[in-house]
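*Asks:* Just dropping this structure here.
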Amino acid sequence: MTSPAGSSRRTLLKRGLLGTGLLALGGGGFLASRSSKLEPPPPEPLKAVSPEQYAVLAALARRFIPDHPGFPSADSRHTALAADRVISWTDPSAQKETLQLLGLFENALAGFLFGGRTRPFTQLSPQEQDEVLDEWRTSRIAVRRTGWLALRAIVVSAYYGQKETWVVSGYPGPPAGIHQPDAPEWRGGDTPRPPGLGVWTEPAPQPAPEGSTP
Amino acid sequence: MSAGHIVTGDELKESAVLEADAVVVGSGSGGAWVAHELVRAGLKVVLLEEGGYHTRREFDLTEARAFPNLYQELGSRTTDDLSITLLQGRSVGGGTTVNWCASFRTPDRIFAHWQKHHGLEALSKESLAPHWDAIEKRLHIAEWPLELVNANNKVLWDGLGALGYERGLIRRNVNNCLNIGYCGMGCPVDAKQSMLVTVIPDAVERGLDVYANVSVRRIVWEGRTASGVEADILDPATNKPTGRTLGVKARVVIASGGAINTPALLLRSQLDGRGLVGRRTWLHPVVVTLAEFEHDINAFSGAPQSVYSHHFVDRGPGKIGFFLEVPPVHPMLAAIVYPGTGASSQALMQRLPKMQAMLAIAVDGLLPEETGATVKLRKDGYGRHSIDYAFTPAHWEAFRTACKEMAKIQFAAGAKRVMSLHLEPVVMESAKEIDKLDAAPWERLRVKVVTAHQMGGCPMGADAATAVVDQRLRYFGLDNLYVVDGSVLPTGLGVNPQETIFGIARWAGNQIAGVL
């Protein structure tokens, strides 16, 4: 950490690559042309990310939600596809930054500058990928910790937002019979305000379907 | 007067221009009450809301549905560097549709601070009292009974009691509450007395017109007069502009988009309050400790917030105070907030029902050296703005002290383990290990900071040199533009802000009706 080369590399990162400068590395060029390890095409078309960025999301998902007894796998929940959907809903400015960040994560030049690796993230072994993630998470450079938090939030929300993953925690899900998808939606005008609006009343008991047992 | 209508973006098939006495931008705790009062005074009012009109028909109690529909930026609004995550509402009813129902009047010491440091005289405990009386009656605001307090809150109650710390039961705006714990995803039974099911429909019955999925892009003004607003009509399905526009011409314009969005609207309109708009934004920044218990806490179940402590709100000169409450713990938000690696967060998720969470909410804006957050426009942002929070050493001291006190409380209530939300979580196995927190890094992006309270950015005050709006909430420089929402608060409050904003908005609505 005290070698001249090490300190000059840190200075470069501090002076030249912080903020948007750093994210711009994700845009392409340089060693970025080293090819990504692509994923099989998702079951539905991508809305926000490229196949390369999708591959990064899929790799990240497998590391943020590694195979673990009782957990549906990140792949089986199509986490990367769900993350693509999340990204597509975000503000244009956020979308642009996220795509750049995915590019930066994959970019071999950035990987070289940060950790001396010359292969893209998707080409690394799971163990190496974990090391990269840990370097970002614990980095002395705040913007790398920012990047880690951003990617993690997208991937983790894409996975744990699915009710199929509730089983992992024993979260029972919301109590049944409360949500009323056919509740009236009042729009004003000549329609009188429904009595339930603002004051909930117990729904009338439904007659049991024929053949059911009490 | 005949009833008004609630209209959504998909119904607005063509661009249009409307006329009204008043246009209110934003339907949350400020906008709903001010619109209600103006309608009550017999005025024709149009209320515009950029979020959707979502009702209990859609409130299916899942995070996956709630965050995209009911929160700013899908629940992922943050400061630029992601050091603070902001939970802020976005739908008809604003934050009141998704908040956790805590209702407090503004503390006396905050009024005293505003009078002394911001020259506020018109606004006082006395001038707001009749408004709060009416509001509390309409919204059924009442103390939550101890026997209904859930296990998550009970840990705070018991720990505070064991240590002899001040504690209280929170007053909540609920009517026939089922105590299920899903306030943050929209109340599925309309028991929460949010603006969505109370004040807004009350006003619509009296003639208020509400337009949802309408994002105001600009206040139109010339000289000293605002003439209305220009808005984009959004597609409810995609939340993106349709290309159709809605204009409203009005005798008075009222900005009620909340701290963050109101300053952004003013900045888009070239109304920068002589450089003050967007500055001095207060976030009540929050740090969290997680405690693991032997027994199930099920912090996803039961009224989310029912116990508080103001024991540490006033810690003496030069220090930032904090107050204590608890948050509900649902899986998606828990997974996002807990900053561990893949395997460690899986281990935590497997223990979710046994986890208890506690919040220390820092009362920012009271120290002379604080500047809070600064909100600016982004070049290519539509609904996302630049937010940068200036932490001071006093914040980090408060966060460290708060986490130590929370750990003490959690252990006093029987926790077997307590952990911080550092990127390298500090794990304590007993109260003897609390000092481990002193060695942890207390700096941005090393420990998770969140907020659910946004205030300031258009502060009210007696002096145009330091305030954006005057004591009657009128913008300095225009005769008929008002700001009525949390952005007018000159400092943090030291309590959950909704009832302060309700009171100020009802008071302001009566003032504005008087001059129209």
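Here's the yes/no breakdown for (1) assigned to a loop (DSSP other than H, G, I, E, B); (2) within 18 Å of the chain's Cα centre (by Cα):
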site	(1), (2)
B:Ala134	no, no
B:Ala142	no, no
B:Asn152	no, no
B:Leu156	no, no
B:Asn173	no, yes
B:Gly181	yes, no
B:Gly184	no, yes
B:Asp190	yes, no
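*Asks:* On the basis of being modelled with pLDDT of 95 or more, on the phi < 0 side of the Ramachandran plot and more than 23 Å from the chain's Cα centre (by Cα), does B:Leu48 make the cut?
*Replies:* no
*Asks:* Right, something else. Test A:Leu109 against the criterion of being modelled with pLDDT under 90 and within 20 Å of the chain's Cα centre (by Cα), and give yes or no.
*Replies:* no
*Asks:* Let me ask something else. Any residue at all in region B:335-344 that is among the aromatic types (Phe, Trp, Tyr) and more than 20 Å from B:Leu423 (Cβ to Cβ)?
*Replies:* no
*Asks:* Additional query: Please determine, by comparing only the residues of region B:335-350 that are of a type outside the set (A, V, I, L, M, F, W, C) and more than 8 Å from every other protein chain (Cβ to nearest Cβ), which one is farthest from the chain's Cα centre (by Cα). Can you show your working first?
*Replies:* So in region B:335-350, the residues of a type outside the set (A, V, I, L, M, F, W, C) come out as B:338-342, B:344-346, B:350.
Subset that is more than 8 Å from every other protein chain (Cβ to nearest Cβ): B:338, B:340, B:344.
Working: B:Tyr338: 22, B:Gly340: 27, B:Ser344: 31 Å.
Among those that are of a type outside the set (A, V, I, L, M, F, W, C) and more than 8 Å from every other protein chain (Cβ to nearest Cβ), it is B:Ser344.
*Asks:* In addition: Of the numbered conditions (1) among the aromatic types (Phe, Trp, Tyr); (2) farther than 25 Å from B:Arg400 by Cα; (3) surrounded by fewer than 24 Cβ atoms within 10 Å (Cβ to Cβ), B:Tyr482 fails exactly one; give the number of that condition.
*Replies:* In the conditions (1) among the aromatic types (Phe, Trp, Tyr); (2) farther than 25 Å from B:Arg400 by Cα; (3) surrounded by fewer than 24 Cβ atoms within 10 Å (Cβ to Cβ), B:Tyr482 misses (3) alone.
*Asks:* Name the residues in region B:73-114 that are of a type outside the set (Val, Ile, Thr) and facing another protein chain (nearest Cβ under 10 Å), would you?
*Replies:* B:Glu73, B:Leu74, B:Gly75, B:Ser76, B:Arg77, B:Asp80, B:Asp81, B:Leu82, B:Ser83
*Asks:* Something else about it: Of everything in region B:447-483, what is more than 14 Å from B:Gly30 (Cα to Cα) and of a type in the set (Phe, Trp, Tyr)? Give them in sequence order.
*Replies:* B:Tyr475, B:Phe476
*Asks:* Which residue, of B:Val495, B:Val449, is under 30 Å from B:Gly168 (Cβ atoms), within 14 Å of chain A (Cβ to nearest Cβ) and buried (at least 19 other Cβ atoms within 10 Å of the Cβ)?
*Replies:* B:Val449
*Asks:* B:Ala129 passes all but one of (1) of a type outside the set (Ser, Thr, Tyr); (2) loosely packed, with under 15 Cβ neighbours inside 10 Å; (3) assigned to a helix (DSSP H, G or I); (4) touching a residue at least 12 places away in the same chain (Cβ under 8 Å); which number fails?
*Replies:* The one condition B:Ala129 does not meet is (4).
*Asks:* Determine, yes or no, whether B:Val214 is within 25 Å of B:Val24 (Cβ to Cβ) and more than 14 Å from chain A (Cβ to nearest Cβ).
*Replies:* yes
*Asks:* Could you grab me the full set of residues in region A:166-189 that are within 7 Å of chain B (Cβ to nearest Cβ) and not in a loop (DSSP other than H, G, I, E, B)?
*Replies:* If the condition is that a residue be within 7 Å of chain B (Cβ to nearest Cβ) and not in a loop (DSSP other than H, G, I, E, B), then A:Trp166, A:Val168, A:Gly188 are the ones that fit.
*Asks:* Restricting the search to region B:268-315, which residues are aromatic (Phe, Trp, Tyr) and either more than 30 Å from B:Met349 (Cα to Cα) or modelled with pLDDT under 95 (or both)?
*Replies:* Of everything in region B:268-315, those that are aromatic (Phe, Trp, Tyr) and either more than 30 Å from B:Met349 (Cα to Cα) or modelled with pLDDT under 95 (or both) turn out to be B:Trp282, B:Phe312.
*Asks:* Go through region B:362-380 and give me each residue that's closer than 22 Å to B:Gln72 by Cα and surrounded by fewer than 16 Cβ atoms within 10 Å (Cβ to Cβ).
*Replies:* Scanning region B:362-380 gives B:Leu377, B:Lys379, B:Asp380.
*Asks:* Within region A:98-141, count every residue that is in contact (Cβ under 8 Å) with a residue 12 or more places away in the chain, within 14 Å of chain B (Cβ to nearest Cβ) and in a helix (DSSP H, G or I).
*Replies:* Counting residues in region A:98-141 that are in contact (Cβ under 8 Å) with a residue 12 or more places away in the chain, within 14 Å of chain B (Cβ to nearest Cβ) and in a helix (DSSP H, G or I) gives 12.
*Asks:* Hey, another quick one. May I ask you to say which residue of A:Ser73, A:Ser35, A:Ser88 is modelled with pLDDT of 80 or more and under 24 Å from B:Leu74 (Cβ atoms)?
*Replies:* Working: A:Ser73 fails: under 24 Å from B:Leu74 (Cβ atoms); A:Ser35 fails: under 24 Å from B:Leu74 (Cβ atoms).
On inspection, the qualifying residue turns out to be A:Ser88.
*Asks:* Moving on. Given region B:374-458, what strands (runs of 3 or more DSSP E) lie entirely inside it while holding 2 or more residues that are under 15 Å from B:Val287 (Cα atoms)?
*Replies:* B:417-420, B:449-451
*Asks:* Now a separate question. Looking only at region B:381-420, count every residue that is buried (at least 21 other Cβ atoms within 10 Å of the Cβ), in contact with an Asp or Glu (Cβ under 6 Å, 6 or more places away or on another chain) and more than 25 Å from A:Thr146 (Cα to Cα) and tell me the total.
*Replies:* 1
*Asks:* For residues in region B:341-356 being surrounded by fewer than 23 Cβ atoms within 10 Å (Cβ to Cβ) and touching a strand residue (DSSP E or B) at 6+ places or on another chain (Cβ under 9 Å), which is nearest to B:Ala413 (Cα to Cα)?
*Replies:* B:Lys354
*Asks:* Here's a follow-up. Can you tell me which residues in region B:470-503 are within 19 Å of B:Cys101 (Cβ to Cβ) and assigned to a helix (DSSP H, G or I)?
*Replies:* Listed by number, the residues that qualify are B:Gly486, B:Gln498, B:Glu499, B:Thr500, B:Ile501, B:Phe502, B:Gly503.
*Asks:* Against the conditions (1) over 30 Å from B:Ala407 (Cβ atoms); (2) outside any loop (DSSP other than H, G, I, E, B), where does B:Gly257 fall short? Just the number, please.
*Replies:* (2)
*Asks:* Could you grab me the full set of residues in region B:196-248 that are part of a strand (DSSP E or B), out of contact with any helix residue (DSSP H, G or I) (no Cβ under 8 Å at 6 or more places or on another chain), surrounded by 16 or more Cβ atoms within 10 Å (Cβ to Cβ) and β-branched (Val, Ile, Thr)?
*Replies:* Within region B:196-248, B:Val220, B:Val229, B:Thr245, B:Val248 qualify.
*Asks:* Based on what the data block shows, is A:Leu81 in a helix (DSSP H, G or I), modelled with pLDDT of 95 or more and touching a Pro at 6+ places or on another chain (Cβ under 9 Å)?
*Replies:* So A:Leu81 passes the test.
*Asks:* When you look at B:Leu377, is it within 14 Å of chain A (Cβ to nearest Cβ) and more than 19 Å from the chain's Cα centre (by Cα), yes or no?
*Replies:* Yes, satisfied.
*Asks:* So, one more: Specify the residue that is nearest to the chain's Cα centre (by Cα); the eligible residues are those in region B:231-283 that are β-branched (Val, Ile, Thr) and under 30 Å from B:Thr500 (Cβ atoms).
*Replies:* Checking each candidate, the answer is B:Ile260.
The values are calculated or read from the model by the stated rules, or taken from the named source; none is laboratory data. What you see is a predicted model; the values in this text were computed from it and never measured. Please note: Cβ atoms are built from the backbone with ideal geometry, for glycine as well, and neighbour counts cover all protein chains shown.
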